[in-house]
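Structure first, then comments.
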Amino acid sequence: MKRTFRGRNCTEERENRQQLLGESSVARARNENMKQPKIVSFDMDGTLTDMEFVNSVWEEGVPKLYALKNQVSFEEARRKMRGEYDKVGKEKLEWYDLGYWLNKFDLDASPEQVLNSFRERIRVFEEVPRVLEKLRNKGYRLIVITNARREFVDLEMRQTGIQGYFERIFSSPSDFKLTKNGTTVYEKVCAACEVSPNQLVHIGDDPDFDFEIPKKLGINAFLIDRTRRKTGQFIVDSLEKFTNEL
């Protein structure tokens with residue numbers, strides 16, 4: 001799960017890093033380096049679903065509760081919460097745990113109440129149903145590997161109606177007590193699905209968690225950058241383009 005507000009954009013905080021190189025076609029590189037995959041794995045937020053829902057939870061829901069309890073302005077509360085989030089950082093489990101933040105500041109709401117208050121803002125990207133149907137018809141096993149906790153993922157799946165496409169949905173913090181900041185989550189997923197890493201293709205929008213880290217294990221990883229700011233080998237700007245390379 002990612003939040004894209006100012007100061008915590010998990011993609012933009014690496015904008016100044018060296019651009020990934022490689023101008024040869026993804027298809028040619030795939031043919032040279034990839035074994036025919038059995039499983040296609042997706043990140044969730046920013047890949048299948050847009051960011052409005054999760055950003056609303058963290059940028060609106062929690063700050064409003066903090067402002068109400070502490071009698072401060074919404075803007076002051078949002079600055080406070082951003083600072084507290086940054087102290088933890090996205091590599092730690094607490095970053096993703098809504099219950100942790102509500103308890104930490106003694107806020108008067110349950111995670112379910114906060115999440116349900118924004119459920120109407122959950123949306124998949126428009127190409128997602130077509131892509132999932134196409135891949136399923138081609139015989140691929142489809143899974144999700146996400147840093148979002150189970151309560152986020154389950155609600156998003158129910159609201160969008162795409163759960164039926166997936167054989168397994170893995171929440172790294174809920175299922176493994178880990179984040180995707182190392183190869184362990186991907187190792188556990190491969191073991192659970194009984195495939196070798198080179199039989200799995202993963203796509204997501206985080207350059208580290210969804211791209212560089214799975215590549216270390218031998219997983220065929222793609223980065224989706226819908227902003228088109230990044231170019232290079234195995235970087236696409238839509239799921240349809242990704243699908244066409246399989």
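Where a number appears in this text, it was derived from the coordinates with a stated rule and is not lab data. None of the values given here were measured: they were computed from a predicted structure. Cβ atoms come from the backbone with ideal geometry, glycine included; neighbour counts cover every protein chain shown.
Against the chain, whose longest principal axis is taken from its Cα atoms, helix 128-137 shows a tilt of about 40°. Relative contact order of the chain: 26 percent, from C-alpha pairs under 8 Å at least 6 residues apart in sequence.
Listed values for region 158-170 are Karplus-derived 3J(HN,Hα) couplings in whole Hz (6.51 cos²θ - 1.76 cosθ + 1.60, θ = phi - 60°), namely 5, 5, 8, x, 9, 4, x, 6, 9, 6, 9, 10, 9, and x replaces Gly and Pro.
A simple rule links phi to the HN-Hα coupling: the Karplus curve 6.51 cos²θ - 1.76 cosθ + 1.60 with θ = phi - 60°, which for region 113-120 gives 5, 5, 4, 5, 5, 10, 4, 6 Hz, with x for Gly and Pro. Taking θ as phi - 60° and the Karplus parameters 6.51, -1.76 and 1.60, the scalar couplings of region 43-56 work out to 5, 9, 6, x, 10, 8, 10, 6, 8, 4, 5, 5, 5, 5 Hz in sequence order, x denoting glycine and proline. Residues whose amide H comes within less than 5 Å of that of residue 202, counting only those at least five positions distant or on another chain, are 41, 220, 221, 222 (H built at 1.01 Å from N in the peptide plane).
Mean shadow of the chain, computed from the convex hull of its alpha carbons, in nm²?
Working: hull surface 50.6 nm².
Orientation-averaged projected area of the Cα hull: 12.6 nm².
Using 1/(1 + (r/R0)^6) with R0 = 30 angstrom and r between the beta carbons of residue 187 and residue 74, what's the FRET efficiency to the nearest 0.05? Taking R0 as 30 Å, the efficiency between residue 187 and residue 74 is 0.10.
Would you mind ranking 50, 106 by Cβ crowding within 10 Å, fewest neighbours first? Before the final figure, lay out the partial values.
Numbers: 50 18, 106 10.
Least to most surrounded, the residues fall as 106, 50.
Please go through region 147-215 and write out the GluC sites (Glu not before Pro) that DSSP classes as loop and that have at most 16 other C-beta atoms within 10 Å. Present the calculation step by step, with values, prior to reporting the outcome.
Working: sites: 151, 156, 167, 187, 194, 212; in loops: 167, 194.
The qualifying sites are 167, 194.
For a straight C-alpha distance cut-off of 24 angstrom, the lysines reachable from residue 177 (same-chain residues fewer than eight places away being disregarded) are 2, 87, 90, 92, 104, 188, 215, 216.
Averaging Cα coordinates gives a centre for region 218-246 and one for region 124-190; these two points are 17 Å apart.
Database remark: amide H of residue 234 closer than 5 angstrom to the amide H of 26 (H placed geometrically; neighbours at sequence offset of 5 or more, or on other chains; Pro and chain starts carry no H).
Compute the length gained on full extension between residue 137 and residue 158: take 0.36 nm times their separation in residues and subtract their Cα-Cα distance, giving the result in nm to one decimal. Before the final figure, lay out the partial values.
Values: separation 21, 0.36 × 21 = 7.56 nm, distance 2.22 nm.
Roughly 5.3 nm would be gained on extension.
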